[in-house]
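In what follows, a structure is listed as structure tokens, so that the remarks can point back to it.
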Amino acid sequence: MPTTDHTLDQILDLAAAHFKVPREKLSADDDFFKTLGIDSLQALDLLTRLEHHFRIDLPDYELQGVSDFRTLANRIQARL
Amino acid sequence: MNDFKGQTLSWQIVNGAIELALHRDPCNEIGSLTLDDLEEFKAALPGLGNEAHALIVHSTLKAGFSAGADLRELFQRGQEMEKGAALREVREFLERIHSVMNVLDAAPLTTIAAVHGVTFGGGFELALVCDIIIADRMARFCFPELRLGLIPGFGGIPRLKRDLGNAVVRDLLLTGRSFNVMKAQQIGLVSQIAAEGEALRVARATASQVGKFDRRTAAAAKEFVKPIPYEELKREIDIFCDLYSRPAVEEGLRKFVENEGVQPYLP
């Protein structure tokens, strides 16, 4: 099973590629709404892509209060 | 009227299928304008049905199929009118939208919802009236009404109960969670998954397939396997109106409408 750090890397790679933000500008503790410049509809889009990528079902209420990549990675890791 | 371009939707007949395209920015919120256009469609459907064997409902907007009811309009209605008058207007709106949904549900031609992106609330309910749902892999479904202190009001609960197991219905309604197309297919909601951006193309291929068969036989089969839960649909309107009057709903709508942050669609 991948480590949480590996999961985090994959999230950052996917987010950077999809929202066309330079990968080096993203880091684990960034607020992804601000760094990616996205709203909640785009956050749901990201959630869907992450679910497909990791082959998991992640209810969106798991994102309550989550705005940084590291915590998001922990949520995803708990479903692997 | 085989072609129509309204403020919120348009239709045309393409290769024997009526294509009803939703296009009200930002995400096909269903309010008075959309209802007016849907009623035009309802009136035109018998004539269109003579020229077509299928109906495809889809959205031309990038954001998705539909984000559901126009909550801003619903909130404004409550603010601008005396409570009793606002409630009467809400009931009238629901009765009108149910009338449209029921006609689509029972239409004697095969109906296909080609969905992508956000397919929430009333948008989800519009997809549910169709015989077949084809979703692209970025489609996301949700009944978020509980977050506002309401239940789905456009016929979603009786139709969901008709199509899915009760345990799944309870999960969706009571958590208000959104779910992706893989789960949607797993629970039997979605018939086919298309690549991103390809739902309409797949819907057209499906419409072409259904067009090969005798229309009367298809209509008879559909009527046999797809009962319309009229009594439950009326009961849903009563429950919705009962809940709507409460202060918690006004507060929930206010929070959504006045949210200047980026998270109104997240729970």
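The values are calculated or read from the model by the stated rules, or taken from the named source; none is laboratory data. Worth saying up front: this structure is predicted, and the values here are computed from it rather than measured. Positions of Cβ are generated from backbone atoms using ideal geometry, with glycine treated the same way; all protein chains shown enter the neighbour counts.
There is no residue in region A:18-37 that is in a helix (DSSP H, G or I), within 14 Å of chain B (Cβ to nearest Cβ), under 10 Å from the mean Cα position of the chain (by Cα) and closer than 26 Å to residue B:184 by Cα. When region A:1-37 is filtered for residues that are among the hydroxyl-bearing types (Ser, Thr, Tyr), under 16 Å from residue A:77 (Cβ atoms) and surrounded by 13 or more Cβ atoms within 10 Å (Cβ to Cβ), the ones remaining, listed by number, are A:4, A:7.
Filter region A:59-80 down to the residues that are without any contact (Cβ under 8 Å) to a residue 40 or more places away in the chain and charged (D, E, K, R), then identify the one that is nearest to residue B:171 (Cα to Cα). Before you say what the answer is, go through the steps one by one.
First pass over region A:59-80, keeping only residues without any contact (Cβ under 8 Å) to a residue 40 or more places away in the chain: A:59-67, A:71, A:75, A:78-79.
Applying the additional criterion that residues be charged (D, E, K, R) yields A:60, A:62, A:75, A:79.
Working: A:60: 13, A:62: 15, A:75: 20, A:79: 18 Å.
Looking at residues that are without any contact (Cβ under 8 Å) to a residue 40 or more places away in the chain and charged (D, E, K, R), I get A:60.
Of B:125, B:92, all but one fail to be of a type in the set (D, E, K, R) and crowded, with 24+ Cβ neighbours inside 10 Å; the exception is B:125. Evaluating residue B:195 against the criteria (1) surrounded by 13 or more Cβ atoms within 10 Å (Cβ to Cβ); (2) within 14 Å of chain A (Cβ to nearest Cβ); (3) of a type in the set (A, V, I, L, M, F, W, C) leaves one unmet condition, (1).
With respect to residue B:174, is the statement that it is under 23 Å from residue B:239 (Cβ atoms), at pLDDT below 95 and in a helix (DSSP H, G or I) true? When the stated conditions are applied, residue B:174 passes them. Of the residues making up region B:27-46, none is surrounded by 15 or more Cβ atoms within 10 Å (Cβ to Cβ), free of Cβ contacts under 8 Å to residues at least 40 places away in the same chain and in contact with a helix residue (DSSP H, G or I) (Cβ under 7 Å, 6 or more places away or on another chain).
Within region A:38-56, residues that are under 17 Å from residue B:62 (Cα atoms) and among the small types (Gly, Ala, Ser) have Cβ atoms under 8 Å from residues that are part of a helix (DSSP H, G or I) and at pLDDT below 90 in these pairs: A:43/A:32; A:43/A:33; A:43/A:63, counting only partners at least 6 apart in sequence or on another chain. Restricting attention to region B:151-160, the residues being surrounded by fewer than 23 Cβ atoms within 10 Å (Cβ to Cβ) and outside any helix (DSSP H, G or I) number 1. Just one of (1) within 14 Å of chain A (Cβ to nearest Cβ); (2) more than 21 Å from residue B:141 (Cβ to Cβ) fails for residue B:235. It is (1).
Taking the conditions exactly as written (of a type outside the set (A, V, I, L, M, F, W, C), modelled with pLDDT under 95 and under 18 Å from the mean Cα position of the chain (by Cα)), does residue B:73 satisfy them or not? The answer is yes for residue B:73.
I'd like to verify a number: residues in region A:41-78 that are of a type in the set (Ser, Thr, Tyr), surrounded by fewer than 19 Cβ atoms within 10 Å (Cβ to Cβ), at the interface with chain B (Cβ under 10 Å from one of its Cβ atoms) and assigned to a helix (DSSP H, G or I), how many? Before you say what the answer is, go through the steps one by one.
In the first step, residues of region A:41-78 are kept if they are of a type in the set (Ser, Thr, Tyr); the result is A:48, A:61, A:67, A:71.
With surrounded by fewer than 19 Cβ atoms within 10 Å (Cβ to Cβ) added as a condition, the list becomes A:61, A:67, A:71.
Filter again for at the interface with chain B (Cβ under 10 Å from one of its Cβ atoms), leaving A:61, A:67.
Applying the additional criterion that residues be assigned to a helix (DSSP H, G or I) yields A:61.
Qualifying residue count, region A:41-78: 1.
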